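Trainee: Right, I'll just put the structure down here and ask away after.
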Amino acid sequence: MSGWADERRGEGDGRIYVGNLPTDVREKDLEDLFYKYGRIREMELKNRHGLVPFAFVRLEDPRDAEDAIYGRNGYDYGQCRLRVEFPRTYGGRGGWPRGGRNGPPTRRSDFRVLVSENY
C-alpha cells in the first residue's frame with residue numbers, strides 16, 4: 001500500500017478514518033465491514049500494542065466514502081461502537097490525524113466538568 005502523505009488530502013479522495021476497533025481486528029474484518037459500500041482501493045490498519053486499533057480505508061469513489069460513514073459510524077461491532085469519519089487534520093509524518101501521543105484522535109465523552117468559585 002502506498003503512503004497517505006504523498007496523495008491528495010481531504011474529503012474528496014474517498015479516505016475515511018475508522019476508530020474504536022476491537023483489539024483483535026484484522027484487515028479481512030475491515031474488508032467485510034466496508035466492501036458493500038464500494039471498491040476498496042487502500043487500507044492501513046494500525047494495531048499498536050496497548051492502544052485502541054484504528055484504520056484508514058480509501059474507497060474508490062468519494063460518494064462511497066460518505067455512504068460508509070453514514071452507514072458505519074456508531075455501528076456496534078462486537079463490544080465496540082465504531083467511529084467512522086473523514087480524517088480531521090494531517091501530521092507531517094505519514095499523513096496521520098493528530099491526537100494523543102502517536103495514537104488515534106482523542107475521544108470525547110458526554111461528561112463535563114463544571115468549575116465554580118465558592119468562597
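Trainee: Here are some residues: 70, 35. Which one is among the hydroxyl-bearing types (Ser, Thr, Tyr) and either closer than 16 Å to residue 85 by Cβ or in contact with a Cys (Cβ under 6 Å, 6 or more places away or on another chain) (or both)? Quick ask: steps written out before the conclusion?
Mentor: On the way: 35 fails: either closer than 16 Å to residue 85 by Cβ or in contact with a Cys (Cβ under 6 Å, 6 or more places away or on another chain) (or both).
Going through 70, 35 in turn, just one is among the hydroxyl-bearing types (Ser, Thr, Tyr) and either closer than 16 Å to residue 85 by Cβ or in contact with a Cys (Cβ under 6 Å, 6 or more places away or on another chain) (or both): 70.
Trainee: Just a yes or no: is a residue in region 105-119 modelled with pLDDT of 75 or more and outside any loop (DSSP other than H, G, I, E, B)?
Mentor: The answer is no, given that none of the residues of region 105-119 is modelled with pLDDT of 75 or more and outside any loop (DSSP other than H, G, I, E, B).
Trainee: Turning to a different aspect of this structure: Scan region 50-65 and give yes if some residue there is at pLDDT below 80, open to solvent by 50 Å² or more (accessible area, probe 1.4 Å) and in contact with a Pro (Cβ under 7 Å, 6 or more places away or on another chain), otherwise no.
Mentor: Taking every residue of region 50-65 in turn, none turns out to be at pLDDT below 80, open to solvent by 50 Å² or more (accessible area, probe 1.4 Å) and in contact with a Pro (Cβ under 7 Å, 6 or more places away or on another chain).
The values are calculated or read from the model by the stated rules, or taken from the named source; none is laboratory data. Not measured: the values here are computed from a predicted model. Here the Cβ is made from the backbone with ideal geometry for all residues, glycine too, and neighbour counts use every protein chain on show. With ligands, DNA and RNA removed, areas are computed over all heavy atoms of the protein, side chains included. Shrake-Rupley method; radii C 1.70, N 1.55, O 1.52, S 1.80 Å.
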